[in-house]
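Structure record follows, encoded as structure tokens.
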Amino acid sequence: MELLRPSLLLTVSLSLLQLVSAQTSTDSAEVDALNKLIDYWNLRSKINLTTIDPCTRNASWASENANPRVACDCTSNSCHITHLKIYALDIMGELPSELFMLRKLMDLNLGQNVLNGSIPAEIGQLSNMQYLSLGINNFTGRVPTELGNLTKLISLSFSSNNFFGPLPKELGKLTSLQQLYIDSSGVTGSIPQEFANLKSLRILWASDNLFTGKIPEFFGTLTELADLRLQGTLLEGPIPRSFRALNKLEDLRIGDLSAEDSTLDFLESQKSLSILSLRNCRVSGKIPDQLGTFAKLQLLDLSFNKLTGQIPTSLQDLSTLQYLYLGNNNLSGELPVNIIAPNLIALDVSYNPLSGNLPRNFAKGGLSMNVIGSSINANNLQDGKALGMMQCLHSNTKCSNKVPSSSFSIKCGGTQIASASGIEFDDDSKTLEAASFYTSSGNRWAVSNTGNFISNPNGPLYIAQTDSQITGTLDSELYKTARISPSSLRYYGLGLENGKYRIDLHFAEITMEDSLSWKGLGRRVFDVYIQGERVLRDLNIKKEAGGSKRALVKTFEANVTNTIIEIHFFWAGKGTCCIPFQGTYGPLVSAIHASQVSTGNGSSKGDKKHVGKIVGITVGCAAALVIISSVFYLWWTKDSSSHIRIFTDSPKQNLVR
């Protein structure tokens, strides 16, 4: 027998090694468990592994972009499944026990599905886990304490679910955790003190939960934090002074705090901030000059607080600033003459006792600007009609020569339409922007919007629309468009006869789906005020109407004593943020109809509620508190010349609770 030459022997040996390596099989128990998972979640049409080893080299389902994805580690004698992704495929059911047979899992992504039931305690057996995403599902029960066993976790998400009860203190054991997403998860109670151990944490999204107690002081020790969001909770102020140590912050959003006031004293060295939103936080005191040194700041929202003093001239040095919201405070003095920086898109200083002249470059193209509720001098507009209106407002007399109206009807976000009952709803299809205002022809009503949809890749969409039929109504077309707002949306009835009015608010959820898909898991929650009184708290249109694309009408009664009705739709930080897409939240309204009611007996019926009346203006000496009821609004777009609308309004609300 002829012996093999050394070179040939080497070639054969290498081939055998490659063959053995290629035939390395996956742990049989894991293969069996994976196939049962595939059948349980009805994924066989997407990934058929009945006759193929799931860890086959270079398999199409192993690439990072594959979905479903199965990837393995074959460095030992047997391959083990380490990555499993079943993302946004609407898989249903609970987490089956077979999942926990995959003991070597390092990365499990089951986000954006409709999984339900509780998370089994067995999840604590997956001790190699580094990335775990269970967000946007229908999970219920308590967050399992066994998650604390996964001490290798780098990222954990269980946001947008229906859990109840407190956060387990055992999560404080996850000292390698860098990302924690628990927003809209349903958890309640105080934030555990054990979270002080999460020193590696860079991202914490915790908005829209029923957290109670004060904002923890220990947050100031989590010095790696770059992104912190705490909006729409039951947390109390103040914002801890310990936050001054968080000098790596890039995005800070805190909102809707109760109890004690906060100050901005903690803002010292957060020079990396690009987004700073402290909206509706009972922030008092002055705006610190050092904000003008935050050279990366793009959005600053300090609206609906109790700030006093002048607007610092240093803010005009922020060349990167695009959105500046200072509305609904007690800021006084004059606007800095150069407050409108080159990149500024929106400026809101509404409902402040400000005075002086407009900024020099107020008519800059592409700028939307709101100065409603101030005493800023508009003489430089050379608009005699506007000046005449301002004079009558300051004297608190009627600002229109026309016969007072006894009703108004608005097709919010849409064109003029007549209802089945013969009501003519006015056109309200004008494009609004991040700080903008519009009055109807004849000045019968007006609408204003403030706020922008942060992180919305589709841009600012302030009108929602659908082609679907709206059920529960004879007026389907009335509900196919709607105004939406990320912050504050106000409608005003103008030039009305004084007396009692019936107000019908028409709603239909046309943006959030009503389906068995994960896209149907969104929750829109907002408040409604009429004449300054909250008449609806935590309104969820879809829930109350019994589904999406179903009409809902809410009826109230209100008194008018100075020719004005104000209807305010306000987002208090609650509801999901990103279902079915980023920036899906905030107030939505389809139509408004208000009409004077008989003064015969003045009784209300059905779903009516009496609300407070608008009070008149009170102007005292310089030492007195000035309540500004004269208001005016400036609105410029890239394509139109500057113009101004001025009208009276109710006393400003410094803090929306």
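A few comments on the model shown:
- Of all the criteria given as (1) out of contact with any helix residue (DSSP H, G or I) (no Cβ under 8 Å at 6 or more places or on another chain); (2) buried (at least 19 other Cβ atoms within 10 Å of the Cβ); (3) of a type in the set (S, T, N, Q); (4) closer than 27 Å to residue 576 by Cβ, the one not satisfied by residue 113 is (1).
- Test result for residue 301, closer than 18 Å to residue 262 by Cβ, of a type in the set (Asp, Glu) and out of contact with any helix residue (DSSP H, G or I) (no Cβ under 9 Å at 6 or more places or on another chain): yes
- Exactly one residue out of 562, 540 is free of Cβ contacts under 8 Å to residues at least 60 places away in the same chain and not basic (Lys, Arg): that is 540.
- Scanning region 544-571 for residues that are small (Gly, Ala, Ser) and either at positive phi or surrounded by fewer than 20 Cβ atoms within 10 Å (Cβ to Cβ) (or both) turns up 546, 547.
The rows are residues; the columns are (1) within 22 Å of residue 117 (Cβ to Cβ); (2) of a type outside the set (S, T, N, Q); (3) in contact with an Asp or Glu (Cβ under 9 Å, 6 or more places away or on another chain).
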position	(1), (2), (3)
45	no, no, no
54	no, yes, yes
62	no, yes, no
88	yes, yes, no
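- Region 402-441, subset in a strand (DSSP E or B) and modelled with pLDDT under 95, residue surrounded by the most Cβ atoms within 10 Å (Cβ to Cβ): 435
- Of the numbered criteria (1) surrounded by fewer than 16 Cβ atoms within 10 Å (Cβ to Cβ); (2) of a type in the set (Val, Ile, Thr); (3) part of a helix (DSSP H, G or I), the one residue 31 fails is (1).
- Yes/no for residue 269 being assigned to a helix (DSSP H, G or I) and either more than 22 Å from residue 375 (Cβ to Cβ) or at pLDDT 95 or above (or both): no
- Selection of region 569-588 for residues being in contact with a Gly (Cβ under 8 Å, 6 or more places away or on another chain) and either of a type in the set (Val, Ile, Thr) or not in a loop (DSSP other than H, G, I, E, B) (or both) yields 575, 576, 579, 584.
- Count of region 302-312 residues which are of a type outside the set (Val, Ile, Thr) and without any contact (Cβ under 8 Å) to a residue 60 or more places away in the chain: 5
- Scope region 216-271; condition hydroxyl-bearing (Ser, Thr, Tyr), surrounded by 19 or more Cβ atoms within 10 Å (Cβ to Cβ) and either more than 22 Å from residue 194 (Cβ to Cβ) or touching a Gly at 6+ places or on another chain (Cβ under 7 Å) (or both); matching residues: 262
- Elements of type strands (runs of 3 or more DSSP E) in region 442-547, at least 2 residues being closer than 20 Å to residue 570 by Cβ and over 20 Å from the mean Cα position of the chain (by Cα): 445-450, 488-493, 499-507, 533-539
- Residue in region 338-355 that is touching a Pro at 6+ places or on another chain (Cβ under 9 Å) and assigned to a helix (DSSP H, G or I) present: no
- Each residue in region 65-106 was checked for being part of a loop (DSSP other than H, G, I, E, B) and among the basic types (Lys, Arg), and 2 pass.
The values are calculated or read from the model by the stated rules, or taken from the named source; none is laboratory data. Given the structure is predicted, the values throughout are model-derived calculations rather than measurements. All Cβ positions, glycine included, derive from the backbone under ideal geometry; neighbour counts span all protein chains shown.
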